[in-house]
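A.B. asks: First the structure, then my questions, so here it is.
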Amino acid sequence: MLCLLVAAITVSPKATPTTYTLVPKETVWVYANASTPGDGTYLRAWGAGGKSTPPDGEDAGELSFSYLKWDLSDVKPFGHIVSAKLVLNNTPDPGFTKDSSKQTPIEVRPLIGEFDAKKWTFDMSAKIHPKGDAVLGTGYPLLIIEGKPVEISVTLDNAKFAKLITDGMAATNHALYLSLTSALDPSESGRSSIYKFYGQNESNASLRPQLVLIVEL
């Protein structure tokens with residue numbers, strides 16, 4: 001009887017994973033010629049010269065990438081992340097193929113600095129930029145069907161991502177900042193060979209960017 005009592009006390013019930021599906025609060029498209037970078041309609045990314053990010057302290061130049069801001073206010077403190085992924089939907093009939101995307105995938109990186117979409121100007125990209133030496137995950141489409149949006153799911157590295165989300169939850173504004181980059185070069189494979197994802201203001205909610213977190217509370 002004593003052994004059974006001790007076992008009942010020491011063996012805790014298994015934690016039940018909780019899933020959070022978050023849409024970004026704000027986004028900006030970072031490109032020198034972007035006329036409405038913060039309108040939340042589309043997120044774009046491409047590279048140049050084999051690079052997906054510029055050297056530290058320099059603006060994007062010919063490259064293009066996008067920034068996403070997430071509100072973590074509704075995410076409760078948890079023990080650990082079971083899995084984390086970013087689900088994106090590219091516009092139909094992209095200029096890239098499955099193979100070319102696999103060679104130059106979309107990259108998810110931490111963002112150095114913070115942004116306000118309403119105040120964003122391109123010259124800020126020299127100080128607010130993707131972290132060049134830290135890739136959280138990469139992705140490419142598993143299937144491309146003519147006339148259909150192209151889904152790309154990026155699995156995020158739990159160890160690298162855990163600190164970012166914990167810091168974001170602890171911040172005053174409860175914000176997490178991520179960036180989308182890629183070395184996919186339209187100057188080599190055609191003007192339409194870029195990543196162009198639906199943004200958070202897309203009328204079809206299923207096409208909006210979604211950060212899916214499975215955590216144990």
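A.B. asks: Does G147 count as touching an Asp or Glu at 6+ places or on another chain (Cβ under 8 Å), at pLDDT below 95 and over 17 Å from V23 (Cα atoms)?
C.D. replies: On the way: touching an Asp or Glu at 6+ places or on another chain (Cβ under 8 Å): yes; at pLDDT below 95: no; over 17 Å from V23 (Cα atoms): yes.
Against the criterion (touching an Asp or Glu at 6+ places or on another chain (Cβ under 8 Å), at pLDDT below 95 and over 17 Å from V23 (Cα atoms)), G147 does not qualify.
A.B. asks: Take segment 74-113 and flag every residue that is farther than 30 Å from I144 by Cα and within 15 Å of the chain's Cα centre (by Cα).
C.D. replies: I112
A.B. asks: Out of everything in segment 129-159 that is touching a Phe, Trp or Tyr at 6+ places or on another chain (Cβ under 7 Å) and under 16 Å from L211 (Cα atoms), what residue ends up being surrounded by the fewest Cβ atoms within 10 Å (Cβ to Cβ)?
C.D. replies: My answer is I152.
A.B. asks: Show the residue pairs that are 6+ apart or on different chains and have beta-carbon atoms under 7 Å apart, the first residue being within segment 1-29 and aromatic (F, W, Y) and surrounded by 10 or more Cβ atoms within 10 Å (Cβ to Cβ), the second being modelled with pLDDT of 65 or more and assigned to a loop (DSSP other than H, G, I, E, B).
C.D. replies: Y20/V75; W29/P37
A.B. asks: Further, regarding this structure: Just the residues that are closer than 30 Å to S73 by Cβ, hydrophobic (A, V, I, L, M, F, W, C) and either assigned to a helix (DSSP H, G or I) or modelled with pLDDT under 90 (or both), please, taken from segment 1-32.
C.D. replies: A15
A.B. asks: For residues that are among the small types (G, A, S) and within 19 Å of L43 (Cα to Cα), scanning just segment 60-92, find the one that is surrounded by the most Cβ atoms within 10 Å (Cβ to Cβ). It would help to see each step written out before you state the result.
C.D. replies: Looking only at segment 60-92, we keep the residues that are among the small types (G, A, S), and these are 60-61, 64, 66, 73, 79, 83-84.
When the remaining residues are screened for being within 19 Å of L43 (Cα to Cα), the result is 60-61, 64, 66.
On the way: A60: 19, G61: 14, S64: 25, S66: 28.
Step by step, filter segment 60-92, then rank; the result is S66.
A.B. asks: Could you count how many residues in segment 115-129 are under 23 Å from H174 (Cβ atoms), hydrophobic (A, V, I, L, M, F, W, C) and out of contact with any Pro (no Cβ under 7 Å at 6 or more places or on another chain)? Outline the logic, then answer.
C.D. replies: To start, the set of residues in segment 115-129 that are under 23 Å from H174 (Cβ atoms) comprises 115-120, 124, 127-129.
Next, only the ones that are hydrophobic (A, V, I, L, M, F, W, C) stay: 115, 117, 120, 124, 128.
From what is left, the residues that are out of contact with any Pro (no Cβ under 7 Å at 6 or more places or on another chain) are 115, 117, 124, 128.
Counting residues in segment 115-129 that are under 23 Å from H174 (Cβ atoms), hydrophobic (A, V, I, L, M, F, W, C) and out of contact with any Pro (no Cβ under 7 Å at 6 or more places or on another chain) gives 4.
A.B. asks: Hey, can you tell me all the residues within segment 93-128 that are polar (S, T, N, Q), surrounded by fewer than 17 Cβ atoms within 10 Å (Cβ to Cβ) and assigned to a loop (DSSP other than H, G, I, E, B)?
C.D. replies: T97, T121
A.B. asks: While we're looking at this one, here's another question. Name, by its number, the condition in (1) more than 22 Å from N204 (Cβ to Cβ); (2) out of contact with any Lys or Arg (no Cβ under 7 Å at 6 or more places or on another chain) that does not hold for S64.
C.D. replies: (2)
A.B. asks: Which residues, taken from segment 46-82, are modelled with pLDDT of 95 or more and more than 24 Å from W120 (Cα to Cα)?
C.D. replies: Once the filter is applied, which keeps residues that are modelled with pLDDT of 95 or more and more than 24 Å from W120 (Cα to Cα), segment 46-82 yields nothing.
A.B. asks: With the requirement that a residue be touching a residue at least 60 places away in the same chain (Cβ under 8 Å) and either out of contact with any strand residue (DSSP E or B) (no Cβ under 9 Å at 6 or more places or on another chain) or more than 28 Å from A171 (Cα to Cα) (or both), what does segment 46-61 give you?
C.D. replies: Narrowing segment 46-61 to residues touching a residue at least 60 places away in the same chain (Cβ under 8 Å): 46-60.
Correct list: W46, G47, A48, G49, G50, K51, S52, P55.
The values are calculated or read from the model by the stated rules, or taken from the named source; none is laboratory data. In this text the structure is predicted, and so the values were computed from the model without any measurement. We place every Cβ from the backbone using ideal geometry, glycine too, and count neighbours over all the protein chains shown.
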